[in-house]
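Before any comments, here is the structure.
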Amino acid sequence: MKIDNCLKVIEKSHKYTMKNFEYFPLAVKEAKGSIITDLDDNKFIDFLSSASTLNLGSSHPVIVKAVKDQLDKFSQYVIAYVWIEEAAEYARLITSVYPGGIKTKIAYTNSGSEANDAAIKYSRAFTKRSKIIAFINSYHGTTYGSMSISGCTTLMRDKMGPFLPDVYLFPFYGNDVSDEVAEKESTKQIEEAFEKYIPANEVAAVIIELVQGDAGILPAHPIFIKKLYNLCKKNGILFIVDDVQQGFFRTGKMFSCENYDIIPDGMTLGKSFGSGIYGSCFIAREEIIDTFGSPGHVSTYAGTAVSCAAGIAAFGVYYSKEFQELLASNIKLIEKLEKELKEKQPDYIKTVRGLGMSRGIVINDKGDKNMTYKIIFRCYEKGLLVISIGGNVLRIQPPLNITPELLEKGYNIINEAIEDYKNGKISDDVLKYKSTW
């Protein structure tokens, strides 16, 4: 594998930009569908989807055409002052599929972080309450508001405080606990807090990822969510779902809440919102969004025409019969492949988990903190782009429309990488590139 040109770009980046999470020396030259090509013409199967921003893969022809057509007309004009047809139409499409058929509206934002900031603002304004409940191991973004409700690493908080007041983080109960534990313990600390030090009538919202991404693709336990949802309804607390990473069919459904039979008061959407073009929103019951008029919540680039045009085009793909059939088939295949992988590597894989095409492979590192990194680096050397989160969890989020052949090949590479680790074939030299979460 040649990496000369990639290393030149990395050297330049180190000199002129903030250091990033350097998993491996890969500088992208081109990306098409589920294949990434670096500057040295090495090719990689994409199991990352650019952090789930490319649910339809890179450079999807329908999206490319929509973006080019929009650029021929105009790229952007601030919707704080004028009306944009593309923004209105995309909002109509998204609100039309909100669970439960309730009337909703959209507040456009630029990123998932800003969408979660918006959720905090609207929740406090609508309820006239100040307190926000979020969860340990959550990741909601890197703006001050979204960092204040995040609880996955102190690296996001060190030297940056103070953060927003009246934010309380509680334990998250995933489907890795038993039904008995979820029933008995999952909302116990919150209920005790309501009795002793957090008046429930001062809580504006609960903001939660139904699949915690940076905790290692951990779905919430259904009993926990039902109890939490009912607790919110009982106390007039808004139930807000952060669907930034898991939205747009990543979990097999348009919205992750559709796996839990609940109807949130609002959701934050981002990442694949613009199918590779930045964009996001806070979508909520219309009376919540109507809390503000301008300039209560405006942003120069929010609802940009190109992003909305891309989103409209993607919407048509998502709801096509062809895509839905491929998605259903891929979900069955990925569940089969991860089960087979666990059976092949029982000593090195603790468990596999996730929803839909959002999967986590939990590595049994046996005390070797470099084991997971060595495995993903060997995957990279063999032509697969996959990263780790939650310490020792392989993040498996390929494009939803990846071909079955590439999906199988990717899992074969993971198995080969584990075999190479077992046989001592991965040198410590690869650790020089390690700079992950």
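Computed from the coordinates by the stated procedures, all read-outs in this text should not be read as laboratory data. Values in this document were obtained by computation on a predicted structure and should not be read as measured data. Cβ sites come from the backbone with ideal geometry, for glycine too, and all protein chains shown count toward neighbours.
Just order 189-199, 414-424, 298-308 by mean Cβ neighbour count inside 10 Å, highest at the front, would you?
298-308, 414-424, 189-199
Please sort 122-132, 401-411 by packing, taking for each peptide the average over its residues of neighbouring beta carbons within 10 angstrom, highest first. Don't skip to the end; give the middle numbers.
Values: 122-132: 19.9, 401-411: 18.4.
Put in order of decreasing packing, that is 122-132, 401-411.
I'd like to compare 232-241, 214-223: which one has the highest average count of other Cβ atoms within 10 Å, and what's the full order after that?
Highest-to-lowest ranking by the protection proxy: 214-223, 232-241.
Taking every Cα atom in the chain, find the radius of gyration and the maximum pairwise distance Dmax, and write them in Å.
According to the Cα coordinates of the chain, Rg and Dmax are 21.7, 63 Å.
Given the DSSP H assignment, sum -39500 (n - 2.57) over each helix run of at least 4 residues in the chain and divide by its residue total; what's the result at 222 nm in deg cm²/dmol, nearest 500? Don't skip to the end; give the middle numbers.
Values: 14 runs with 165 residues, N = 437.
So the calculated ellipticity at 222 nm is -11500 deg cm²/dmol.
Charges at C-beta only: +1 for Lys and Arg, -1 for Asp and Glu. How large is the resulting dipole of the chain about its Cα centre, in Debye rounded to 20?
Numbers: 52 positive and 53 negative charges, 77 e Å.
Roughly 380 debye, rounded to the nearest 20.
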